[in-house]
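Beneath this line is the structure, given in structure tokens, with notes to follow.
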Amino acid sequence: MQRYEKVEKIGEGTYGTVYKAKDHESGEIVALKVVRLDEDDEGVPSAALREICLLKELKHKNIVCLLDVLHRNLRLTMVFEYIDQDLKKYFDSSGGKISPKTVQSFYYQLLKGLGFCHSLNVFHRDLKPQNILISKRGDLKLADFGLARAFGIPVRCFSTEVVTLWYRPPDVLMGAQVYTTTIDMWSSGCIFAELSNGGRPLLPGSDVDEQLKRIFKLVGTPNEGVWPNITKLPEYKEFPPYPATPLELVVPAMNALGINLLEQHLVCYPNGRISAEDAMRHEYFADVDPALKL
Ligand code: AMP
């Protein structure tokens with residue numbers, strides 16, 4: 001008998017199809033992420049397989065647990081703990097309003113998961129509400145950590161849907177080929193703002209140029225003065241010198257401390273962005289539920 005029995009298809013992710021399944025050995029419900037590889041390829045690249053097996057060691061209460069990795073022929077199946085819904089679906093069901101306390105709790109948990117992975121030099125590179133999962137108890141867990149490094153960052157989803165640019169930082173949009181924690185700090189800032197706005201995305205651009213224009217109209221167009229060597233980026237583009245928009249106008253439900261924290265994420269110069277560790281220590285979290293700090 002097969003150990004995992006598919007119950008239903010949940011969705012199409014960036015790397016493959018996700019199914020709800022039953023684990024006949026433990027009796028638990030799990031999520032299977034099935035990555036199908038090209039017929040022309042030689043199966044799963046060994047480097048990718050090595051990376052993924054390392055992810056089994058990434059154990060933290062704010063990271064979706066990778067329970068098992070199965071590899072047969074042209075198919076790679078990752079078995080994850082099953083979590084009820086993702087943040088996108090949570091937004092859809094919350095009617096556009098999330099209480100400031102919930103925003104604070106979710107964002108603290110997001111930073112905790114992020115800080116843990118960053119301390120082990122594992123980056124996400126593609127953080128977005130679809131790969132942030134929320135359990136019935138209000139626990140937040142990050143999914144797809146480390147997969148960008150294993151498989152490369154795709155331009156299209158498995159289902160040929162274009163990968164969203166909304167959470168990409170300006171350095172990546174202008175062709176910087178780097179793997180650093182600063183990428184995730186930009187994306188998480190966008191998600192912090194989206195949480196506060198009840199699920200309205202902060203920077204919903206439709207293509208690279210429009211995405212950059214939206215960013216610069218929000219935080220001001222960067223130049224060599226604030227971002228050394230910006231003009232040397234592979235896909236550097238010149239934009240008019242837009243002034244920054246006051247963040248109070250963009251996240252009206254956020255308090256002054258939250259705005260101060262958000263400002264430290266939305267910094268065009270990558271090295272100027274706050275780290276997850278420092279963000280968790282910010283005064284905005286002074287009154288966060290002490291149970292979350294454990
Ligand atoms: P992803 O590849 O992570 O973007 O997954 C695609 C969709 O599958 C997501 O939007 C989630 O709703 C769902 N999903 C991913 N991982 C899990 C999981 N561990 N438990 C339940 N649903 C999941």
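The values are calculated or read from the model by the stated rules, or taken from the named source; none is laboratory data. These numbers come from a predicted model, not from an experiment. Heads up, the Cβs are rebuilt from the backbone with ideal geometry, glycines too, and the neighbour counts pull from every protein chain shown. Heads up: the accessible areas ignore ligands, DNA and RNA and are worked out on the full protein's heavy atoms, side chains in. Shrake-Rupley method; radii C 1.70, N 1.55, O 1.52, S 1.80 Å.
Summarising the label geometry, the points placed 7 Å from Cα in the beta-carbon direction at Ala291 and Arg200 lie 3.2 nm from one another. The string of couplings for the stretch 81-90 from the Karplus curve (6.51, -1.76, 1.60, θ = phi - 60°) is 4, 8, 10, 3, 8, 9, 5, 5, 5, 4 Hz, one whole number per residue in order, with x for Gly and Pro. What the phi angles of the stretch 66-73 give under the Karplus curve with 6.51, -1.76 and 1.60, with θ = phi - 60°, is a coupling list of 8, 8, 7, 10, 10, 9, 9, 6 Hz, glycine and proline written as x. Helix 208-219 versus the longest principal axis of the chain: what angle, 0 to 90°, nearest 10, using Cα atoms? Tilt relative to the chain: about 50 degrees.
Database remark: amide H of Ile10 closer than 5 angstrom to the amide H of Val18, Tyr19, Lys20 (H placed geometrically; neighbours at sequence offset of 5 or more, or on other chains; Pro and chain starts carry no H). When the solvent-accessible area of the stretch 212-285 is split by element, carbon and sulfur atoms take up 54 percent of it, the probe being 1.4 Å.
When only Cα pairs below 8 angstrom with a gap of at least 6 residues are kept, the chain shows a relative contact order of 17 percent.
Computed from Cα positions, the angle between helix 100-119 and the longest principal axis of the chain comes to roughly 70 degrees.
For the set Glu81, Glu235, Glu194, Glu57, solvent exposure ranked by accessible area (probe 1.4 Å, protein chains only) runs largest to smallest as Glu57, Glu235, Glu81, Glu194.
If you roll a 1.4 angstrom probe over the protein chains with everything in place, what fraction of the accessible area of the stretch 42-121 belongs to carbon and sulfur, to the nearest %? Write down the numbers at each step before the final one.
On the way: 2130 of 4010 Å².
That fraction is 53 percent.
A 1.4 Å probe run over the stretch 181-223, with the rest of the protein chains in place, finds 29 Å² accessible per residue.
Excluding same-chain neighbours fewer than eight residues apart, the aspartates and glutamates reachable from Lys22 by a Cα-Cα span under 18 Å are Glu5, Glu8, Asp68, Glu81, Asp84. Using a probe of 1.4 Å, the accessible surface attributed to His124 totals some 0 Å² when neighbouring protein chains are kept in position.
Seen from all sides and averaged, what is the projected area of the convex hull of the Cα atoms in the chain, in nm²?
The directionally averaged projection comes out at 16.2 nm².
For the stretch 11-144, the solvent-accessible area works out to 47 Å² per residue, with a probe of 1.4 Å and every protein chain left in place. Pairs of Lys residues in the stretch 46-121 that lie 8 or more places apart, or on two chains, and have C-alpha atoms under 22 angstrom apart add up to 13. Among Lys89, Lys112, Lys128, the largest mean-square fluctuation in a Gaussian network model of the chain, built with springs joining Cα atoms closer than 10 Å, belongs to Lys89. Computed from backbone phi, the HN-Hα couplings of the stretch 256-262 come to 4, 5, x, 5, 4, 5, 4 Hz, rounded to whole numbers (Karplus: 6.51 cos²θ - 1.76 cosθ + 1.60, θ = phi - 60°; Gly and Pro given as x).
Counting only residues at least eight positions apart within a chain, or on another chain, the lysines with an alpha carbon under 17 Å from that of Lys213 are Lys237.
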